[in-house]
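Just below is one structure, and these are the notes that go with it.
The values are calculated or read from the model by the stated rules, or taken from the named source; none is laboratory data. Source: prediction; values computed, not measured. Because the Cβ atoms are built from the backbone with ideal geometry, glycine has one as well, and the counts that use them run over all protein chains shown.
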Amino acid sequence: MMIKVINNWKDFELLKPIWQTLLQQSDTDNLFLTWEWIDCWRKTRLEDVKPFIIIIEDANTVVAIAPFYLQNYRLLNTLNYHALRFLGDQSSGSEYSNFIVKKEASLELKEQLWRYLLSHEIKSAWDFIWFINISSWTQGGKTLLQALANVDELYYHSRTVEFSQVSVKQLPEDILPILSKSLRTNIRQTGRRLDKLGPWEIDIVDHTFDIQNELEQLFLLHNKHWENAGGGTFQRRPELTEFYRLFVPVALEKGWLKLLRLESEGVVQAMQLGYVYNNRFLAIQEGYNPDFLPGVGQVLRHFSYMHCQNEGIDEYDFLGVYTDHKRRWLAEKQLGENLFIWHNKLKNMPFRIKKIWPTGRYLTPS
């Protein structure tokens, strides 16, 4: 076997033909690890991103990928640090970070990747690793964490993070009776009010639509919904907006996109953006007109559930954070982890003394 580091985007582009094949052979096949997701992400970053992608080759065949990048940090505005982060983990909505390795040797290959980080060739290139949104309840998450625990020379703190998922295949054909009384009443009443206003419809965006115009409509509805709460996601995070503009057409072309729209009185009143990958629906963003009927977003989500059932989708994934709204929609809480990892060197001693995270006031990007 041979292990090497890819530190330029030209060599990353050469991995495209084999990346998806390896991902499909792994124990962690998800949308956020696709080559297309990462490629769109790096193209929409406002600053230069320095890739640090570790690959293992066996007989000239890539069998493992650890897709990191380098970011500089400062501790107490004094000490400089080189951090390894996971490609795509900022300004994209990425979840479920993991190494991409052959499933039949998952634990062994992931441990080999962790150990390589301590090798003489690259140990000096990094100080700590910030590894977020690990699905530790899945087989892929379990092998990643077990492999890390097997490497005594890597030290780490962990934090629990919540995710929300619904097993669609276990739901009855009609889900309204098992929803809360207030929710099902809201859906039924809003449906009747829509009927009184005249013809209305829900459709799914495909290649016959102008996808960029549809996306701008989603941004408008989302921002209008949240304008009284300090602005929507797309107003506050321009890099995320640019990522959507680039990735959504790619997702449409690949057959991953599910962009639903509810139209009434000749106007789009609500939209929901999601992706279907590996037979899972990923609920990404929504938007609705707050000046229209207040339950129109619930009606659209109910249709989304029914569509997933008709398509034979296994899971409706609300992704990160478990809220009361998601609970009311039958979501179950799943517990994942964020990891802060470092190795033994003098400048890393503060990490052993105190649980310092790169999300607080002490350790910040520089």
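Before we move on, is LEU154 out of contact with any Asp or Glu (no Cβ under 8 Å at 6 or more places or on another chain), more than 30 Å from HIS302 (Cα to Cα), buried (at least 21 other Cβ atoms within 10 Å of the Cβ) and not hydroxyl-bearing (Ser, Thr, Tyr)?
No.
Do you know which residues across the stretch 169-196 are out of contact with any helix residue (DSSP H, G or I) (no Cβ under 8 Å at 6 or more places or on another chain) and either closer than 12 Å to LEU262 by Cβ or among the acidic types (Asp, Glu) (or both)?
Answer for the stretch 169-196, where residues must be out of contact with any helix residue (DSSP H, G or I) (no Cβ under 8 Å at 6 or more places or on another chain) and either closer than 12 Å to LEU262 by Cβ or among the acidic types (Asp, Glu) (or both): ASP174, ASP195.
With the requirement that a residue be outside any helix (DSSP H, G or I), touching a Gly at 6+ places or on another chain (Cβ under 6 Å) and surrounded by 22 or more Cβ atoms within 10 Å (Cβ to Cβ), what does the stretch 25-41 give you?
THR28
Out of (1) under 21 Å from the mean Cα position of the chain (by Cα); (2) in contact (Cβ under 8 Å) with a residue 12 or more places away in the chain, the odd one out for ARG236 is which?
Just one mismatch for ARG236, condition (2).
Out of ALA283, ALA251, report the one residue that is under 24 Å from TYR96 (Cα atoms), of a type in the set (A, V, I, L, M) and either at pLDDT below 95 or not in a helix (DSSP H, G or I) (or both).
Checking each option against the conditions leaves just ALA283.
Kindly indicate the residue of the stretch 186-203 that is among the charged types (D, E, K, R) and under 34 Å from the mean Cα position of the chain (by Cα) and also surrounded by the fewest Cβ atoms within 10 Å (Cβ to Cβ) among those meeting that condition.
Going through the qualifying residues, I end up with GLU201.
From the list ILE134, ILE122, ILE100, ILE178, which one is under 20 Å from GLU332 (Cβ atoms) and touching a strand residue (DSSP E or B) at 6+ places or on another chain (Cβ under 8 Å)?
Result of the check over ILE134, ILE122, ILE100, ILE178: ILE134.
So in the stretch 293-332, with the set limited to residues that are among the β-branched types (Val, Ile, Thr) and in a helix (DSSP H, G or I), which one is surrounded by the most Cβ atoms within 10 Å (Cβ to Cβ)?
Among them, the one singled out is VAL299.
Need pairs with beta-carbon distance below 9 Å; first residue assigned by TED's automatic domain parsing to the domain that holds PRO249 and in a helix (DSSP H, G or I) and within the stretch 192-218, second modelled with pLDDT under 95 and polar (S, T, N, Q); sequence gap 6+ or separate chains.
Note: pairs meeting the criteria are LEU218/GLN285.
Can you name the number of the only condition in (1) surrounded by fewer than 21 Cβ atoms within 10 Å (Cβ to Cβ); (2) farther than 17 Å from GLY141 by Cβ; (3) touching a helix residue (DSSP H, G or I) at 6+ places or on another chain (Cβ under 7 Å) that ILE56 fails?
Tallying (1) surrounded by fewer than 21 Cβ atoms within 10 Å (Cβ to Cβ); (2) farther than 17 Å from GLY141 by Cβ; (3) touching a helix residue (DSSP H, G or I) at 6+ places or on another chain (Cβ under 7 Å), ILE56 fails exactly one: (1).
Working carefully through the options LYS142, LYS110, find the one that is in contact with a Ser or Thr (Cβ under 8 Å, 6 or more places away or on another chain) and buried (at least 21 other Cβ atoms within 10 Å of the Cβ).
That would be LYS110, the only listed residue that is in contact with a Ser or Thr (Cβ under 8 Å, 6 or more places away or on another chain) and buried (at least 21 other Cβ atoms within 10 Å of the Cβ).
Within the stretch 113-136, work out how many residues are buried (at least 16 other Cβ atoms within 10 Å of the Cβ), within 16 Å of TRP342 (Cβ to Cβ) and aliphatic (A, V, I, L, M).
The number of residues fulfilling the criteria is 4.
Got a sec? Which of VAL267, VAL276 is farther than 21 Å from LEU176 by Cβ, within 17 Å of the chain's Cα centre (by Cα) and among the β-branched types (Val, Ile, Thr)? Give the derivation first.
Details: VAL267 fails: within 17 Å of the chain's Cα centre (by Cα).
Unique residue meeting the criteria: VAL276.
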